[in-house]
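The values are calculated or read from the model by the stated rules, or taken from the named source; none is laboratory data. Every value quoted in this text rests on a predicted model; they were computed, and no experiment measured them. Neighbour counts run over all protein chains shown; Cβ positions are idealised from the backbone, glycine included. Side chains included, ligands, DNA and RNA excluded: accessible areas come from the protein's heavy atoms. Shrake-Rupley method; radii C 1.70, N 1.55, O 1.52, S 1.80 Å.
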Amino acid sequence: MITYSILAITIVFSLLGFRDRAFLNKYMFNPWRVYNDKKEWYTVLTHAFLHVDYAHLFFNMFALYSIGLALEQDTFPQFFPEHAHIFYILLYVGGIVTSSVPAYEKHKHDVSYSAVGASGAISAVLFSFILSNPTATLGIMFLPIPIPAFVFGIIYLIAEWYMGKRGRTNIGHEAHFWGGIFGIIFTTLLHPAFVPMFFTQILSLFHS
């Protein structure tokens, strides 16, 4: 299955990066290098299969396992029985590319900036899931109280937008935000009926 394949590839690549700094440097995303050498374009994709440490790797892979499997095995086959796997791959890859664009534009003249991590792609998967399953319950790390997925999504987008504007962290908040936006737009284009279904399901919570 695709999610398990992504998990395996990401874990192997990340472990190789932990052990070999040259390997990490070769495949991480450095906008300055891409801007000045178009042969470096492949790092726009490869950086999503690398992570900076075990905690970074664990949190991203746990999120992908929790949300990605549900989307791949349930939601997409239900609505796109003939093309579920293709659409799921496009969602993930599209999330990687789209979430990299803001960093490229912002840092293409900054030789010191580099990025790794699957967070942009996972945000795309997360918000595809939220759009199609808004009343499912999701938990926030360190807060053992499950909340509706659409509430989680609102909090997530606001927090990532604010932290991205505020800056002063080593976390790619803008990648998280735009990956999520891509997930919403891509899923809506695949099946526009998800939008009225989204609001219908939310309203049902208040009439139950």
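Please report, ordered by residue number, every helix of the chain (full DSSP H runs) that is 24 Å or longer along its axis going by C-alpha atoms and whose mean Kyte-Doolittle hydropathy reaches 1.6.
Sorted by number, the helices that extend far enough and score high enough are 2-19.
If packing is taken as the average count of other Cβ atoms within 10 Å, what order do 3-13, 193-203, 114-124 fall into, highest mean first?
So the peptides 3-13, 193-203, 114-124, ranked by packing, come out 114-124, 3-13, 193-203.
Applying 1/(1 + (r/R0)^6) with R0 = 22 Å to the Cβ-Cβ distance of Ile145 and Ala55, what FRET efficiency is obtained, to the nearest 0.05?
According to the calculation, E is roughly 0.45.
Quickly work out the Tyr113-to-Gln73 label distance, labels modelled 7 Å from Cα along the C-beta direction, and quote it in nm with one decimal.
Going by the 7 Å Cα→Cβ label model, 3.9 nm.
Round to a whole number: what % of the accessible area of the chain belongs to carbon and sulfur, probe 1.4 Å?
69
Once R0 is set to 22 Å, what does the formula 1/(1 + (r/R0)^6) return for the Cβ-Cβ distance between Glu105 and Tyr162, expressed as a FRET efficiency to the nearest 0.05?
E(calc), rounded to 0.05, equals 0.65.
What percent do you get for the relative contact order of the chain when only Cα pairs under 8 Å and 6+ apart count?
Reported relative contact order: 23 percent.
Can you work out the PRE-style zone for Tyr65? Point 7 Å along Cα to Cβ, and I want the residues of segment 1-28 with backbone N under 17 Å.
Counting backbone N atoms under 17 Å from the label point, the list is 1-15.
Applying 1/(1 + (r/R0)^6) with R0 = 45 Å to the Cβ-Cβ distance of Ile171 and Lys39, what FRET efficiency is obtained, to the nearest 0.05?
Once rounded, the FRET efficiency stands at 0.95.
Send over a whole-number figure in Å² for the accessible area per residue of the chain, probe 1.4 Å.
55
Along the Cα→Cβ direction, 7 angstrom out, place labels at Thr135 and Thr188. What is the inter-label distance in nm?
2.2
Given a cut-off of 27 Å, name the pairs among Lys26/Lys106; Lys26/Lys165; Lys39/Lys165 whose C-alpha atoms lie farther apart than that in the structure shown.
Lys26/Lys165; Lys39/Lys165
Given the rule -39500 (n - 2.57) for each run of at least 4 DSSP H residues, summed and divided by the residues of the chain, what is its mean residue ellipticity at 222 nm, to the nearest 500 deg cm²/dmol?
Mean residue ellipticity, 222 nm, calculated: -20500 deg cm²/dmol.
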